[in-house]
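**Q** Could you have a look at this structure, given as structure tokens, before my questions?
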Amino acid sequence: MSIPFHPGHLVMVDIEGTRLTPETAAFLREHHIRAVCLFRKNLGSEVEVRQLLGDLREVLGPRALIGIDQEGGSVVRATFLPQAPAAMALGAIEDTEAAEHAAEQVGAAVARGLRSLGINWNFAPVLDVNNNPANPVIAERSFGADPHRVARLAGAWMRGSLSEGVACCVKHFPGHGDTHVDSHHALPSVDKSLAELEALELVPFRALAAQAPAVMTAHIVYPQLDAEHPATLSRRILGGILRESIGYRGVVISDALMMKAIHERYGHARAAVMTLQAGADMPLAQGSREEQAAAIRAIQDAIFEGDLLPEQVQASAARLDELARRYPAAPAAYDDAQRRTDDILMRATWRQGLCVLGATDALPGGLPLRVVTQSRVDCDGVSEAGLAGADVRALFPEAADIEMQLVPDLLVFEPASLPDDGRALVIVSNHRRRYGANAGQWRPALHVAIWNPFQVLDIPAPSVITWGYADGALRALQGWLTGRGAATGVPPVPLPTRTP
């Protein structure tokens, strides 16, 4: 049985290093691969990135699809571009029309930066409705807890991106907002009926199905929909709900098949075939060259053996071709003036989202301070490295009497070990994880939540929330801490407005 394209056209891979080696180029050509996803490991200096992308376009050809996660907030790969606010920072802008306008501008600015490099596919915005405070991987990546507002803001963000020539990919279908497990490390399960999903998680996906060029799947089991398969591999969910019920006609790409939720249970090659059988168009098949080649061989074997129908994979190839045609990977101009304007926009939007709960004054007046924070927060593979403890001091007034205490892990640190010497305690949560059993021991005068907003549920104290740690977020926080800036944001998720 013959098909008019190579199965490698259906597979997105990753590559090693910050340059395209002859060996990698030969592998991409040999297997007719036209789609590559870039990660932190690939991004050196801006000059190096531009060289890498030029080399990739030459090898991948005119129908190249070059993807990246440039959501904003903690999930940005090209950190040398103007740093966009997290989705929840946009959601914290109280007036919905103002928030929608800001989201569209931010989406356009993100796209301008990516398009200038020759990246034509951004795996954003996030449509997950974060209604679970224990969610370990979404949190501030979501626009909020109201599905209709999520749809409006994500739709505006997407309009901005598409207007600047970069394809979006909404995620993670049918919804990752109500999990308490990170699918990078284990397989989550969400025990909800279809009616419950229709009332919440599916609202943004239905609202934006006609506009979204692409959808990314979720590695989550929904036992009331399909007890055997996670959504990425489920015909009932991708074929039945997304394709048939919602009527989605765009590109469907799997989330990374190397994530433990999939890889440990199904294996790389088998999962690549299963996601296509379920209704996806492109497996995101990271891994070694051997694993990537195995995924392509498995797809080819499935076509020859009749496990994948030729008309099905041809339809997938056609959808991917159309995506590449509408959003070409050729770089566009990005002059210095526009770049400065975009940077000013990002910083202003971070300021609009800054949020204070239960506090009126920035700092305890006139008291010496003890600031406790984690010494370092490493990249976890999803988010960039958090704000280093050594950089926290610069957020506070230079003249303040501050004793800094850097600890290896805030979650296991015993607050009772701090001296009772009259200093007012300020805790700076520069990590993502929620606090554990010792959370109730903290009694700070101020809690600065730099990353995960739901940490304010753990520590009963006046709080300030930045929704992220990009430079714009930190400058907004510094302005408030030094009495030079306001905090007008309102949480788009349920958080206490008064200190217990």
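**Q** Between a first residue in region 330-352 that is among the hydrophobic types (A, V, I, L, M, F, W, C) and a second residue that is surrounded by 16 or more Cβ atoms within 10 Å (Cβ to Cβ) and part of a loop (DSSP other than H, G, I, E, B), which pairs have beta carbons less than 7 Å apart while being 6 or more apart in sequence or on different chains?
**A** As it stands, the answer is Ala330/Gly118; Ala332/Gly165; Met346/Pro82; Met346/Gln83; Met346/Ala84; Met346/Pro85; Trp350/Pro85; Trp350/Ala470, since those pairs meet every condition given.
**Q** Mind checking whether some residue in region 255-275 is at pLDDT below 95 and under 23 Å from Met158 (Cα atoms)?
**A** Checked against the condition, which is being at pLDDT below 95 and under 23 Å from Met158 (Cα atoms), region 255-275 yields at least one hit.
**Q** Just checking, does region 24-35 include any residue being of a type in the set (Asp, Glu) and in contact (Cβ under 8 Å) with a residue 24 or more places away in the chain?
**A** So far as region 24-35 goes, no, none of its residues is of a type in the set (Asp, Glu) and in contact (Cβ under 8 Å) with a residue 24 or more places away in the chain.
**Q** Turning to a different aspect of this structure: Which condition does Ala89 not pass, out of (1) under 18 Å from Ile220 (Cα atoms); (2) in contact with a Phe, Trp or Tyr (Cβ under 9 Å, 6 or more places away or on another chain); (3) not aromatic (Phe, Trp, Tyr), if it passes all the others?
**A** Every condition holds for Ala89 apart from (1).
**Q** Can you tell me which residue is nearest to Leu477 (Cα to Cα) among those in region 359-382 that are at pLDDT below 90 and of a type in the set (Gly, Ala, Ser)?
**A** For region 359-382, the residue satisfying everything is Ala362.
**Q** Could you list, in sequence order, the residues of region 54-79 that are under 17 Å from the mean Cα position of the chain (by Cα) and among the hydrophobic types (A, V, I, L, M, F, W, C)?
**A** Listed by number, the residues that qualify are Ile66, Ile68, Val75, Val76, Ala78.
Here is a yes/no grid of residues against (1) loosely packed, with under 14 Cβ neighbours inside 10 Å; (2) farther than 30 Å from Asn122 by Cβ:
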| residue | (1), (2) |
| --- | --- |
| Ile344 | yes, no |
| Val356 | no, yes |
| Asp378 | yes, no |
| Ser383 | no, no |
| Asp401 | yes, yes |
| Leu410 | no, yes |
| Leu418 | no, yes |
| Gly422 | yes, yes |
| Tyr435 | no, yes |
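The values are calculated or read from the model by the stated rules, or taken from the named source; none is laboratory data. All values reported here derive from a predicted model rather than from experimental measurement. Positions of Cβ are backbone-derived with ideal geometry, glycine not excepted, and every protein chain shown enters the neighbour counts.
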